[in-house]
1. Picking from Val39, Val57, Val125, which is most flexible by a Gaussian network model of the chain using Cα springs under 10 Å?
2. GNM, the chain, Cα, under 10 Å: largest mean-square fluctuation among Arg19, Arg160, Arg182?
3. Per DSSP H run of n ≥ 4, the term is -39500 (n - 2.57); total these for the chain, divide by its residue number, and report the mean residue ellipticity at 222 nm rounded to 500 deg cm²/dmol.
4. Work out, step by step, the length gained on full extension between Val103 and Asn70: first 0.36 nm times the residue separation, then minus their alpha carbon distance; give nm to one decimal.
5. Principal axis extents for the range 119-213, Cα atoms only, whole Å, descending order, please.
6. Projected onto the charge dipole of the chain (+1 at Lys/Arg Cβ, -1 at Asp/Glu Cβ, origin at the Cα centre), which of Ile126, His88, Pro153 gives the Cα projection farthest towards the positive end?
7. For the chain, with a Gaussian network of springs between Cα atoms less than 10 Å apart, report the residue from Asn45, Asn68, Asn166 with the top mean-square fluctuation.
8. If you fit an axis through the alpha-carbon atoms of helix 213-227 and take the longest principal axis of the Cα set of the chain, what angle between them do you get, 0 to 90°, nearest 10?
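Laboratory data are not the source of any read-out in this text; all were calculated from the coordinates shown. In this text the structure is predicted, and so the values were computed from the model without any measurement. In this analysis, Cβ positions are derived from the backbone assuming ideal geometry, glycine residues included, and neighbour counts consider all displayed protein chains.
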Amino acid sequence: MTGADIQRYHGAGVLFCRRPDGVPQKAAAAWLIGNPSLVVMNAHNFRNRRMETTRNVADCYFQIGGRNYNFDPGSLRLGTPPHARSLHITDDWALLRLSEPAVGIPPQPVPDAPSLPTGVGELPVIMVSPGGHENYRGPSSIETCFIRQIDPPSEDEIRRVRHDCNDGYGGSGSGLFDATGRMLAMQSASLSMNSRRSFDIEFHYGSALLFEGELLSAIRQEVGALASPPSSPVSR
């Protein structure tokens with residue numbers, strides 16, 4: 001990503017988490033969104049498919065603009081319903097507040113729900129991977145590719161898109177943008193796309209979730225709460 005890319009794709013950052021020995025490692029892409037204190041990323045950074053805790057928020061931090069920011073550990077909001085026993089693609093989102101706002105970094109605007117039809121097609125998109133991934137040697141990557149299918153919505157009114165974008169381990173949370181620079185979806189999982197086999201609509205594709213339904217509602221709620229000044233104590 002060049003300086004021009006950073007100006008175009010606002011809020012692009014990286015999630016780092018510490019290993020048991022305390023050494024920080026790059027974990028995934030993450031996005032400052034709607035407010036200098038709000039970050040969106042994948043839920044699977046903290047839970048596995050069986051909803052078991054794999055990382056603690058306190059062991060992770062957000063890097064953007066050359067600075068590291070800690071999270072408010074109690075602010076984690078997951079896309080899964082209460083008491084869920086499994087994590088699905090369209091549940092695979094998480095919101096976290098930073099312990100202090102990012103300085104001098106414009107966040108990604110809150111996206112409008114995409115007016116894209118469900119079904120098979122070829123929609124050109126740009127995958128922006130702020131943290132890179134295993135199929136690309138650089139620290140970050142940008143690629144033009146296609147959304148090939150949009151699945152029917154889940155109970156949370158979020159749809160999965162199947163795409164042919166190059167991706168691999170470490171690329172979770174990458175953003176899918178349209179030609180105007182509007183964020184449409186967030187990468188969730190892939191089968192090392194484009195590294196060994198070509199796209200197959202049934203067996204070999206990348207999966208991302210659209211910014212719509214419960215995810216978009218949660219972002220708007222968090223942004224509204226952050227924008228509201230704290231209530232003053234009632235004088236007696």
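1. Among Val39, Val57, Val125, the largest GNM mean-square fluctuation belongs to Val57.
2. The residue that fluctuates most here is Arg19.
3. -2500 deg cm²/dmol
4. My answer for the length gained is 10.6 nm.
5. 37, 28, 22
6. Farthest towards the positive end: His88.
7. Asn68
8. With rounding to tens, the tilt is 30 degrees.
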